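Trainee: Here's a structure for you.
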Amino acid sequence: MIILSISKYIYKNSKIVWLSFVIFIAFGFWGMSLNTLRQFIAIALILPSIKYIKSRDLIKFVIHILIASFFHISALSFLIIYPLFKMKINKFYITLVICIGVAVNLFSTKIIYFLMGIFGYHLYVGRVGNGSGTGMLLMLSLIAIAALLYRRSAIRNGEDYDLYIHILIVSILLNILALDFNLAGRAMIYFTIHCIILIPNIIYTIKPKMDRSVGIYIVLLGAMFYYLIILTTDVGSVVPYQIMSR
């Protein structure tokens, strides 16, 4: 079910399907889908809801998210994407995001305690202050810069391009929280997984084809390097393989 849902999502939304599958594996989503079972069932249910954001069908979107939340309560975090989709990406938007990012960094502890109250994660209070994800934050920031640089040409190929930028921005903000609370990285997965669509679609906009090929090689090298880090640091309990139903 999980792989079928992700594959269908890729085929319907990616401009370079094979590259999406490479990123899916190299960014560790494949490994995580095999051990964090409940959360990836929730993700598998959330992915089809993207089409309801695009068609502005709020009721069907919310129904998908609510069903996903029965498997993992953190799936409710994806509800924020629907109102964000209506926001225009411009200089004001970028400035606002930077200010929010700074505020999240300054008040991360209070925000974490607040979110714990909403999602019922009081059990993990002792983990506050124990965070990670600096490398991921750098990578997501670079992807965001590339997405913004190629935005004008990209939106000519599809009006939903901005949706993936909004999702990426939420990923970055959650990553900032993860620097103080590593479990915030679990919520990030609902958003970072959409990089399997955004990155190939950024590459697709690059012209001429020679430059596009260079872009693909850079992504492949970066993906290989990141996958080696995953294997050597055992991110997500992939090596040795462990099943975690939580």
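The values are calculated or read from the model by the stated rules, or taken from the named source; none is laboratory data. These numbers were taken from a predicted model, which means no experiment stands behind them. With ideal geometry, Cβ positions are generated from the backbone for all residues, glycine too; neighbour counts draw on all protein chains shown. Surface accessibility is based on the protein's heavy atoms, side chains included, excluding ligands, DNA and RNA. Shrake-Rupley method; radii C 1.70, N 1.55, O 1.52, S 1.80 Å.
Trainee: Keeping to the stretch 57-73, report how many residues are β-branched (Val, Ile, Thr), modelled with pLDDT of 90 or more and open to solvent by 50 Å² or more (accessible area, probe 1.4 Å).
Mentor: So the answer is 3.
Trainee: Please determine, by comparing only the residues of the stretch 196-214 that are of a type outside the set (Val, Ile, Thr) and buried (at least 18 other Cβ atoms within 10 Å of the Cβ), which one is farthest from residue 25 (Cα to Cα).
Mentor: 204
Trainee: Please specify each residue of the stretch 178-195 satisfying the condition of being modelled with pLDDT of 90 or more and either assigned to a loop (DSSP other than H, G, I, E, B) or crowded, with 24+ Cβ neighbours inside 10 Å (or both).
Mentor: Within the stretch 178-195, 190, 191, 192, 193, 194 meet the criteria.
Trainee: Cβ-Cβ below 8 Å, separation at least six or inter-chain, first residue in the stretch 39-58 and more than 15 Å from residue 4 (Cα to Cα) and without any contact (Cβ under 8 Å) to a residue 40 or more places away in the chain, second among the hydroxyl-bearing types (Ser, Thr, Tyr) and surrounded by fewer than 22 Cβ atoms within 10 Å (Cβ to Cβ): which pairs?
Mentor: 58/52; 58/82
Trainee: Can you tell me which residues in the stretch 144-155 are touching a helix residue (DSSP H, G or I) at 6+ places or on another chain (Cβ under 8 Å) and surrounded by fewer than 20 Cβ atoms within 10 Å (Cβ to Cβ)?
Mentor: 144, 146, 148, 150, 151, 153, 155 - these are the residues of the stretch 144-155 that are touching a helix residue (DSSP H, G or I) at 6+ places or on another chain (Cβ under 8 Å) and surrounded by fewer than 20 Cβ atoms within 10 Å (Cβ to Cβ).
Trainee: Name the one entry in 96, 76 that is surrounded by fewer than 19 Cβ atoms within 10 Å (Cβ to Cβ) and touching a residue at least 12 places away in the same chain (Cβ under 8 Å).
Mentor: Only one candidate qualifies: 76.
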